[in-house]
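After the C-alpha cells below, expect a handful of questions from me.
The values are calculated or read from the model by the stated rules, or taken from the named source; none is laboratory data. All values derive from a computational prediction rather than experimental measurement. So basically every Cβ, Gly included, is an ideal-geometry build from the backbone, and we count neighbours across all protein chains shown. SASA here: full protein model, heavy atoms, side chains in, ligands and nucleic acids out. Shrake-Rupley method; radii C 1.70, N 1.55, O 1.52, S 1.80 Å.
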Amino acid sequence: MTEANSAAVTVPRDEYRRRRAAFLEEAKKLARRDRRLSRLRAVLFLAGIACVPLAARFDAVAWWWCLVPAVAFLVAVVRHESVAKQLAHARRGIVYHRQNLKRFDRRWQHSGVTGRRYLEESHPYAGDLDLFGRGSLFQLLCQARTRLGEDTLGSWLLNAATPSTIDFRQRAITELRDRVDLREALALLPAEVHDALDQTRLRAWAAMPPHDVPRHWLLAAWLLCLAAIVAGFGWVILGWPLAILVTVAVVELLVHAKLSGVLRRVARDIDTANSGLAILSQVLAVLEKEQFQSPFLTALRSQLDTDRRLPSAHIRRLQRMSEWIESAWHNQFFAPFAFLLCLPILLAHAIERWRETVGQHVEQWLDAVGQFEAISSLAGYAYEHPRDPFPEITAMETVVDATGLGHPLIAEDRCVRNDLRFGREPQLMMVSGSNMSGKSTLLRTVGCNVVLALAGAPVRATRLRLSPFVLATSLSVHDSLLAGSSYFFAVISRLKAIVERTGGSTPLLFLIDEILPGTNSHDRRVGAEGIIRRLLQRGGVGLVTTHDLALTEIVTQLGTAASNVHFEDRLDDGQMTFDYQLRPGVVQRSNALELLRLVGLSE
C-alpha cells in the first residue's frame, strides 16, 4: 500500500475520532454546568420558600422580595433546560461516532437496523447474499433515521437500477461523500426512533378521502366554544349562575354525540398516521436548509418546494394537532376542558382540512426523504471506504470484468481478492475445489458487489466493469417440513425459477452453488449439463461451483462458452490451509478424507 493510499484510508477513522473527542470534551463541560445549575435551582427554590414566612413575620421584609428568588428560579430552570438539551446532543454525538468507529473495527454487527423485515423467501437472491439480517450488507450500509429511508435503501438492494439512474446516484454519492457534518446533523436529531415508528402510514392516510365535518356543525362548535368561555368567565369572575355553563355543556354534549362517528374515525385514522412525525419533521427541516449541485439531489430538493410554508412546518402542525386530539380523547385532566371548548370538533375539522389542502404533497415529501436518506447512507459507506471505486456500467456488452474483487462484509485485513472475467466468452465459469476452499464465498462476493453496483454504490474491488443484469442465485436452499418438500425438490424448484428468469431483454447473471446435490452422480451429471446448456442458450452468464470433478467435464463439451477455474488447499504440519486464490483449470485433489481425519472421524 502506498503512503498516499494509507493516508486516504485512515482519514475517515481519524475524523470520527476527532469528532468523538470533541463531543466528549463538550459533554464534560456541560455535565459540570448541569450539576451547578441543579444545585442553584435547589438553593433558589429553598430561598423562595424561606422568603414567605419572613415577609409575613417581619415588616422590614417586603412581600415583593419573594419575587426575586422566584424569578431567578424560573431563569435557572430555563437555562438548565437549554444546558440539558445541549448535553443530550453531545452524548448522542459520542454514541454516534463510537458506532462509526465500530465499523472500522468490525464490531458493528450488534447495533443498527438489520432490515430483516425485507427478507422474502421468493426473492431471487436476497436470502443467499446476506443482504438483510444480523451482520448483513443492509446493516453495514443503513444510517437512515426514518422507516422511509430504510424502505428505500432496502428496495435499492432488492431491485437493480437502470444505467442512467445508477449514474445519477453515483454523482449524488460523490457530492455527499465528504458531507460528514450533514450526516452527523441527521444522526443527532433528538426525536425518538424505533421500529414501531413507521412514517409510511402517513402516505396511506393522506391518500384517503377526508371525513367531512358539516359547515353548520362547525359553526355551531365555534359558537359553543365562545359561549363556554363567556359562561365560564362569568361564573368564576362575575358570579353568574352555574346553570348557564351547565346548559352550554349539555348542548355541547348533544353536538358531540351527533358527530361522534366522524370524530372517532378522524381520531383513529390520525392516531395511525402520526407514527414518527417528529423525526420526519426534523429530517425535513435539515434538508430544507441544503442546496445541492448533482441532478439527483437537486430533483429531490425541488420536491420540498411546494408553497410558502415549508414541509417541516406542515408536518409539525399535523403532529401537534394529532397530539392535541389524542389528549382531548384520552387525557383525563385535559379532556373536560377540551370538551367545553369543542376541541374534538375543531381539531377534527383542522386535521381533515390539512389532509385536503396539504395531503396532495405528502407523497413527494416522503419520497424525497426516503431517497435522500438512502443516498446519504451509501455516501457514508463511500466516505468510509475511499479505496472502493464506482463500477463502470456498460450496456455495450454482457460482461463481468473484475480486478481485485473482495467481499464487502469481510474485514480488509482478512479479505482475499480475486480477478475474474466472464460474459460472452466464457459465459460460464465452473468453479471446482475442495470443501471450505472459498467457492461459496466467491459466489457471495460476486453477488454482493453486483448488488452494490446496480444500486449505484461503490464496490469492493480495484476495478469492476459490469453490464446490467437480472441476478438470481441458488446458494442456501432448505427443505420444508411445513410444505412437505424434500431438499432435492427445493433445489430443483430454485433452479427452475432461475431458468425462468432467462430470455428477457436484460441478461441473467446466475450464481449456483453445488448444482444438483442430493442425487446420484449419473443423474447429477446429466441433469446439471442440461440445466447449464439451457441457461447459456437463453443468454445467461454466471458461475457454478462443484466439488464433484465429474461436472467439470461439462466444460469440455461447451467449448469457448465455458471455462474451468478452481481453489486449492494444502496440508502443512497436519493443518489444512487455504489461500482462497482463484486459479485456472480443474482442482486436482479433494480434502474430504483429510478433514474427517483432522476432526477424529477417520484413521
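Can you tell me the length gained on complete extension of the stretch Arg264 to Asp579, counting 0.36 nm per residue apart and subtracting the Cα distance? Can you show the working numbers first?
Details: separation 315, 0.36 × 315 = 113.40 nm, distance 6.71 nm.
So the extension gain works out to 106.7 nm.
Here's a follow-up. Hey, any idea what % of the chain's accessible area is carbon plus sulfur with a 1.4 Å probe?
57
For the range 219-375, what does the equivalent ellipsoid look like in terms of its semi-axes, each the square root of 5 times an eigenvalue of the Cα gyration tensor, given largest first in whole Å? Let's see the in-between values first.
Details: eigenvalues 337, 42, 31 Å².
Ellipsoid half-lengths, sorted descending, are 41, 15, 12 Å.
Given the rule -39500 (n - 2.57) for each run of at least 4 DSSP H residues, summed and divided by the residues of the chain, what is its mean residue ellipticity at 222 nm, to the nearest 500 deg cm²/dmol?
Mean residue ellipticity, 222 nm, calculated: -19000 deg cm²/dmol.
Taking only Cα atoms of the range 387-450, what ratio of Rg to Rh do you get with Rh as the Kirkwood inverse-distance radius?
Here the Rg-to-Rh quotient is 0.97.
Could you order peptides 68-81, 450-463, 270-283 by the average number of other Cβ atoms within 10 Å of their residues, highest first?
Most protected by this proxy first, the peptides run 450-463, 270-283, 68-81.
Which of the GluC sites (Glu not before Pro) found in the range 248-319 are loop residues per DSSP with 15 or fewer other Cβ atoms within 10 Å of their Cβ?
Sites meeting the loop and neighbour criteria: Glu290.
Taking R0 as 56 Å, what FRET efficiency do you get between Asp305 and Arg534 from their Cβ-Cβ distance, rounded to the nearest 0.05?
Numbers: r = 52 Å, r/R0 = 0.94.
Plugging the Cβ-Cβ distance into 1/(1 + (r/R0)^6) gives 0.60.
Still on this model: Would you calculate the separation in nanometres between label points at Lys496 and Asp178, each defined as 7 Å from the Cα along the Cα-to-beta-carbon direction?
Reported label-point gap for Lys496 and Asp178 is 5.5 nm.
Quote the FRET efficiency, to the nearest 0.05, computed for Lys85 versus Glu288 with a Förster distance R0 of 22 Å and r equal to the Cβ-Cβ distance.
0.55
Would you mind estimating how fast the range 105-259 diffuses translationally, via Stokes-Einstein at 4 °C and 1.567 mPa s with the Kirkwood radius over Cα pairs, in µm²/s?
Stokes-Einstein gives a translational diffusion coefficient of 61 µm²/s.
Determine, from the Cβ-Cβ distance of Asn435 and His194 and an R0 of 45 Å, the FRET efficiency 1/(1 + (r/R0)^6), rounded to the nearest 0.05.
0.60
For Val95 and Ala21 in the same chain, what is the full-extension length gain: residue separation times 0.36 nm, less their Cα-Cα distance, in nm? Please report the intermediate quantities before stating the final value.
Working: separation 74, 0.36 × 74 = 26.64 nm, distance 1.13 nm.
Extending this stretch completely gives an extra 25.5 nm.
Given Cβ point charges of +1 (Lys, Arg) and -1 (Asp, Glu) and nothing else, what value in debye, to the nearest 20, does the dipole of the range 362-420 about its Cα centre take?
Using only the charged Cβ atoms, the result is roughly 200 debye.
Under a 1.4 Å probe, what is the accessible area of the chain per residue, stated in Å²?
That works out to 50 Å² for each residue.
Where the only charges are on Cβ atoms (+1 Lys, Arg; -1 Asp, Glu), what is the dipole of the chain about its Cα centre, to the nearest 20 debye?
The dipole of the chain has a size of about 1900 debye.
Using only protein heavy atoms and a 1.4 Å probe, report how much of Met208 is accessible, in Å² to the nearest 10.
Using a 1.4 Å probe on the heavy atoms, I get roughly 70 Å².
What does the C-alpha gyration tensor say about the overall shape of the range 167-214? Classify as rounded when a/c is under 1.5, otherwise prolate if a/b is larger than b/c, or oblate. Walk me through the numbers on the way to the answer.
Values: a/c = 3.44, a/b = 1.91, b/c = 1.80.
Note, shape of the range 167-214 comes out prolate.
Lys and Arg at +1, Asp and Glu at -1: add these up for the other residues within a Cβ distance under 9 Å of Leu443 and post the number.
0
Straight-line reach only, C-alpha to C-alpha below 25 angstrom: list the lysines that Lys29 could link to, leaving out same-chain residues fewer than 8 apart.
List returned: Lys85.
In addition: Could you please report the charge total around His211, scoring K, R as +1 and D, E as -1 over all other residues with beta-carbon less than 12 angstrom from its beta-carbon?
Net charge in that neighbourhood comes out at +1.
To continue, here is another question. Just add up the charged neighbours of Asp419: K/R +1, D/E -1, any other residue whose Cβ is under 15 Å from the Cβ of Asp419.
The answer is +4.
Please give the length that would be gained between His216 and Gln109 if that part of the chain were fully extended, namely 0.36 nm times their separation in residues minus their C-alpha to C-alpha distance (nm, one decimal).
Extra length from His216 to Gln109 when fully extended: 32.6 nm.
Normalise the Debye intensity by I(0) for the chain, one equal point scatterer per Cα, no solvent, then take log10 at q = 0.09 Å⁻¹ and round to two decimals.
-0.89
Sequence gap at least 6, Cα distance under 8 Å: using those rules, report the relative contact order of the range 313-405 to the nearest whole percent. All intermediate terms of the calculation are to be shown ahead of the outcome.
Numbers: 25 pairs, mean separation 18.1, N = 93.
Dividing the mean separation by the residue count of the range 313-405 yields 19 percent.
Here is a further query. State, as an integer percentage, the relative contact order of the chain based on alpha-carbon contacts under 8 Å between residues 6 or more apart.
15
Turning to a different aspect of this structure: May I ask you to list, by number, the DSSP H helices of the chain whose Cα span along the axis is at least 18 Å and whose average Kyte-Doolittle hydropathy reaches 1.0 or more?
In the chain, the long hydrophobic H runs are 215-233, 242-258, 439-455, 487-500.
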